[in-house]
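This report refers to the structure that appears directly beneath it.
The values are calculated or read from the model by the stated rules, or taken from the named source; none is laboratory data. As the structure is a prediction and not an experimental result, all values here were calculated from the model. Cβ sites come from the backbone with ideal geometry, for glycine too, and all protein chains shown count toward neighbours. Just the protein is used for accessible areas: all its heavy atoms, side chains included, with ligands, DNA and RNA removed. Shrake-Rupley method; radii C 1.70, N 1.55, O 1.52, S 1.80 Å.
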Amino acid sequence: MIRKVGIILEMIKFEHTIFALPFAFMGALLGAVIMEKRLPEWSEIGWIILAMVGARSAAMGLNRLIDRVIDAKNPRTAKRAIPAGLLRAGEVVLFIAVSFVLLFVAASQLDPICMKLMPIAVFMLVLYSYTKRFTWLCHVVLGLTIGLAPLGGWVAITGEFGLSAWVLYAAVACWLAGFDIIYACQDFEFDRKEGVYSIPSRFGLEGALQLSRGFHVLTAIGFISLYWLTPLSWLYLLGAVISVGMLCYEHILVKPHDMSRVQTAFFTMNGSLSVVLFAATLLDLVVLRQW
């Protein structure tokens with residue numbers, strides 16, 4: 001059992017939860033301060049963590065299950081747990097069901113609006129894994145799905161939406177779409193051969209990287225805009241500028257003729273970016289303002 005759990009955690013890349021979790025915290029923190037003039041309670045943070053773990057685990061499990069045939073054909077993904085025979089489809093289905101239950105239970109402990117919006121979140125989580133079969137906008141769908149993390153964190157605390165919440169949602173969605181395009185460049189040739197839809201397979205590597213840069217320009221605008229839309233001060237702005245610098249460096253690392261540094265650009269830069277921006281927000285609102 002312990003071995004199976006380890007394989008499952010490796011399959012869903014559990015450690016990559018760090019991409020979205022800081023933004024969920026950021027949404028919760030901003031929502032609490034802006035809308036309710038308080039800090040989130042520890043119990044609320046705990047339930048948000050469990051909801052995020054449940055949602056991401058279900059989404060990744062679904063992705064691996066739905067894509068198992070495609071993964072088996074792709075040399076880069078053929079050693080993943082399901083195509084390699086390390087896990088049976090039934091075991092993954094059980095894991096997905098448990099993950100959705102965790103999401104359901106956690107959401108039920110937060111603001112009642114979370115349960116009302118649950119069908120939308122579940123629909124988006126399921127939809128993404130199918131989009132590469134019919135549209136090259138699959139990266140945008142992924143962004144819109146993972147972007148629900150900060151929006152969900154905001155709503156979980158406040159029970160309502162706000163302009164700043166939507167700006168943060170759009171910025172994170174563009175960030176995800178941009179770096180997912182970079183990640184998909186690794187499978188450019190395979191996707192074209194097998195008829196898998198993606199921006200690299202549709203527009204080529206140069207065109208894909210240009211579109212990725214465009215998405216990240218929108219991300220930068222969104223992050224900087226929050227400085228004027230919220231009570232955030234120079235400390236947040238400094239973190240936002242550093243995050244934008246990390247986006248720029250990410251695009252310096254990856255070239256159409258050299259994909260060797262995609263892993264560094266994808267994992268190191270993006271995992272660090274979300275932590276930096278949340279840390280700047282936390283220090284700004286909690287330490288500098290002494291809430």
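The single residue among SER225, SER233, SER260, SER274 that is within 20 Å of the chain's Cα centre (by Cα) and of a type in the set (Ser, Thr, Tyr) turns out to be SER274. Restricting attention to segment 183-202, the residues that are among the aromatic types (Phe, Trp, Tyr) and touching a Phe, Trp or Tyr at 6+ places or on another chain (Cβ under 8 Å) total 2. Of all residues in segment 60-76, those satisfying the criterion of being open to solvent by less than 30 Å² (accessible area, probe 1.4 Å) and within 13 Å of LEU9 (Cα to Cα) are GLY61, ARG64. Selection over segment 108-123 of residues that are open to solvent by less than 50 Å² (accessible area, probe 1.4 Å) and aliphatic (A, V, I, L, M) gives a count of 5.
Looking only at segment 124-150, residues that are of a type in the set (Lys, Arg) and open to solvent by 50 Å² or more (accessible area, probe 1.4 Å) come to 1 in all.
The test for being of a type in the set (Gly, Ala, Ser) and either in contact with a strand residue (DSSP E or B) (Cβ under 6 Å, 6 or more places away or on another chain) or closer than 30 Å to GLU41 by Cβ (or both) holds for SER233. If the condition is being open to solvent by 30 Å² or more (accessible area, probe 1.4 Å), more than 17 Å from PHE19 (Cα to Cα) and either in contact with a Ser or Thr (Cβ under 9 Å, 6 or more places away or on another chain) or free of Cβ contacts under 8 Å to residues at least 60 places away in the same chain (or both), then segment 223-244 contributes ILE224, SER225, TYR227, TRP228, LEU229, TRP234, LEU235, LEU237, LEU238, VAL241.
The set of residues in segment 22-76 being touching a helix residue (DSSP H, G or I) at 6+ places or on another chain (Cβ under 7 Å) and outside any helix (DSSP H, G or I) consists of ARG38, LEU39, PRO40, ASP67, ASN74, ARG76.
Is it true that MET60 is at pLDDT below 95 and within 20 Å of PHE25 (Cα to Cα)? Before the answer, list the steps.
On the way: at pLDDT below 95: yes; within 20 Å of PHE25 (Cα to Cα): no.
So MET60 fails the test.
Evaluating ILE2 against the criteria (1) open to solvent by 30 Å² or more (accessible area, probe 1.4 Å); (2) at pLDDT 85 or above; (3) farther than 26 Å from ASP111 by Cα leaves one unmet condition, (2).
Is there a residue being assigned to a loop (DSSP other than H, G, I, E, B) and either in contact with an Asp or Glu (Cβ under 9 Å, 6 or more places away or on another chain) or more than 26 Å from GLU194 (Cα to Cα) (or both) anywhere in segment 101-109? There is at least one residue in segment 101-109 that is assigned to a loop (DSSP other than H, G, I, E, B) and either in contact with an Asp or Glu (Cβ under 9 Å, 6 or more places away or on another chain) or more than 26 Å from GLU194 (Cα to Cα) (or both). Among the residues of segment 77-92, those that are part of a helix (DSSP H, G or I) and exposed (fewer than 13 other Cβ atoms within 10 Å of the Cβ) comprise ALA89, GLY90. Look at segment 154-173: where a residue is closer than 26 Å to LEU247 by Cβ and a partner is part of a loop (DSSP other than H, G, I, E, B) and among the hydrophobic types (A, V, I, L, M, F, W, C), sitting 6+ places away or on another chain with Cβ atoms under 8 Å, you get TRP154/PHE161; VAL172/ALA20.
Set side by side, the residues ALA265, ALA184, ALA208 differ, and just one is at pLDDT 95 or above and either hydroxyl-bearing (Ser, Thr, Tyr) or open to solvent by less than 20 Å² (accessible area, probe 1.4 Å) (or both), which is ALA208.
Has segment 153-176 got any residue that is more than 19 Å from ALA28 (Cβ to Cβ), open to solvent by 20 Å² or more (accessible area, probe 1.4 Å) and in contact with a Lys or Arg (Cβ under 8 Å, 6 or more places away or on another chain)? If you could, list the steps in order and put the result at the bottom.
Here is the first cut: in segment 153-176, the ones more than 19 Å from ALA28 (Cβ to Cβ) are 174.
Then keep just the ones that are open to solvent by 20 Å² or more (accessible area, probe 1.4 Å); that gives 174.
If we keep only those that are in contact with a Lys or Arg (Cβ under 8 Å, 6 or more places away or on another chain) as well, we get none.
The answer is no; no qualifying residue exists.
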